[in-house]
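Before any comments, here is the structure.
Read-outs: derived from the displayed coordinates by stated rules, not from any lab. On a predicted model such as this, the values are computed, not experimentally measured, just so you know. When we count neighbours, we look across all protein chains shown, and the Cβ atoms used for this are built from the backbone with ideal geometry, even at glycine.
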Amino acid sequence: MSALHSQHSPTAWRDESDAPPRRAAGAPIYQPVVDLDSGAVVAVEITAAPPPSGRGRFAEVSSQEESAVAEWLLVLVREAAATESLLPLVLPLPARMLSGEGFAALAESQLRRAGRRPRDITFMLSPDLAELARPTVVAGVARLRSAGFRCGFGTAMVRPDLVVESAPFLMRIDPSIVSKVASDQRQATVVEGLARIGRGSGVYALASGVHAAEDVVRLRRCGIRVGTGPFFADHTWRPGERVTPVPEPTAGQEGAHDSGPRVTEFMVPPVGLDSDATAEQVLESFTGDPALNSVILIDHRERPVGVIDRTRFLLSVTGRYGHALHAKRPAMRLAESPRTVPAWMSALAALRVAGQDTVRVYDDLIATNDYGQCLGVVHISDLIQSLSRS
């Protein structure tokens with residue numbers, strides 16, 4: 001999942017006396033989606049019962065049902081905004097809505113009213129997705145993607161070739177499989193296979209129902225990078241609250257022999273824009289945050305495809321005729337290739353990477369996961385200051 005938004009790490013655990021009251025029946029439940037390597041909360045998943053359709057699940061989707069579901073999603077987003085307005089959201093969606101040709105445009109209109117861009121929303125399709133006709137799934141996912149939304153398959157019980165063809169953003173691994181991953185080699189083999197399918201097709205495999213630290217360790221060995229479950233937080237969790245820290249990764253990757261902290265300890269949330277953003281949009285980002293060093297241009301799968309350095313960009317845009325030449329044109333024209341480091345790398349090893357380019361030695365590094373997706377930005381000055389004190 002994407003980490004292009006603020007990572008939450010409050011300074012203290014919630015005191016029992018401050019715990020929120022137990023939710024009423026039918027109220028939405030919030031779950032943190034956690035990066036299993038860094039322990040950062042990268043998204044918030046909302047679980048709630050959809051409005052009743054009043055028709056059989058294989059009946060044609062009516063415009064009234066499309067409107068009712070879109071309104072329901074708007075309510076969920078507005079309720080979440082009361083405590084969280086930055087992290088991406090994973091919203092439940094009845095799989096049958098894939099057959100509604102007008103739903104994507106309707107959902108986009110409604111969710112923008114709540115201040116949410118489609119790219120910040122992943123629709124987790126209900127498990128009955130496996131019962132839909134293949135053309136319905138492929139066409140429905142394509143419509144949602146064309147509107148800017150991401151899709152998640154709410155079950156692993158979908159044919160692998162359908163996963164490859166429709167290319168969702170997420171594929172959920174069922175709790176019944178995850179619960180035995182640490183003790184049953186057969187289940188671990190299933191998880192490894194699903195992780196390979198995901199890596200091969202650019203799909204995140206999401207482990208649900210993580211119960212113990214041993215599950216986290218084994219899931220990482222299987223190649224899973226994001227998960228949810230009671231290990232991280234119980235059903236009373238609210239966005240912005242802390243989650244249980246993940247176990248430290250064991251040594252074994254390249255550069256792990258270096259002593260000292262990992263590069264993720266110096267990682268800050270990046271400011272990311274779509275790869276087709278204009279130079280004027282980048283200028284607005286820099287103008288709105290005087291401390292911002294760089295803007296990352298990302299593709300539809302959150303992979304960095306370009307980076308724009310503040311100083312060099314402003315020299316180009318604010319010079320004579322610069323605004324007229326560049327403002328309305330793609331910012332990619334002024335971007336440079338991103339300098340990436342894997343999130344498991346040590347800070348010392350990352351500093352060596354920065355030193356390999358004498359021209360851009362002080363430019364920001366981009367920490368990525370195993371999928372090549374952006375997790376955060378690392379300022380070289382922070383690395384130098386920390387390592388000089390150690």
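Worth a mention:
- Highest to lowest packing among 171-177, 157-163, scored as the average C-beta count within 10 Å: 171-177, 157-163
- Projected onto their three principal axes, the Cα atoms of the stretch 72-132 cover extents of 36, 21, 19 Å, largest first.
- Amide N proximity, the stretch 68-100 versus A133 label position 7 Å along Cα-to-Cβ, cut-off under 12 Å: 99
- Cα centroid separation - the stretch 69-130 against the stretch 175-224, whole Å: 27 Å
- Our compactness index for the stretch 306-373, the C-alpha radius of gyration over the empirical 2.2 N^0.38 Å, is 1.35.
- With 10 Å bins from 0: P(r) over the stretch 263-389, alpha-carbon pairs, percent: 13, 44, 32, 10, 1
- Simple Cβ-charge dipole of the stretch 263-389, Lys/Arg +1 and Asp/Glu -1, about Cα centre, in debye nearest 20: 380 debye
- Separation in nanometres of the label points that stand 7 Å from Cα toward Cβ, at A327 and E214: 6.3 nm
- The rule of thumb for compact globular proteins, 2.2 N^0.38 Å, goes into the C-alpha radius of gyration of the chain 1.02 times.
- Across the stretch 22-227, the volume of the C-alpha convex hull divided among the residues equals 124 Å³ per residue.
- Angle between the chain longest axis and helix 380-389 axis [Cα atoms, degrees, rounded to 10]: 70 degrees
- The long axis of helix 134-146 is offset from the longest Cα principal axis of the chain by roughly 40 degrees.
- For M157 and V305, the difference between the fully extended length at 0.36 nm per residue and the C-alpha to C-alpha distance is 50.0 nm.
- The stretch 101-217 - Kirkwood radius from inverse mean 1/r over Cα pairs (Å): 15.1 Å
- Extension gain (nm, one decimal) between D370 and S62, 0.36 nm per residue minus Cα-Cα: 106.8 nm
- In this structure, the amide hydrogen of A156, modeled 1.01 Å from its nitrogen in the peptide plane, lies closer than 5 angstrom to those of D174, counting only residues at least 5 positions away or on a different chain.
- Per-residue extension of 0.36 nm, minus the Cα-Cα distance of A142 and A49, leaves a gain of 31.0 nm for this segment.
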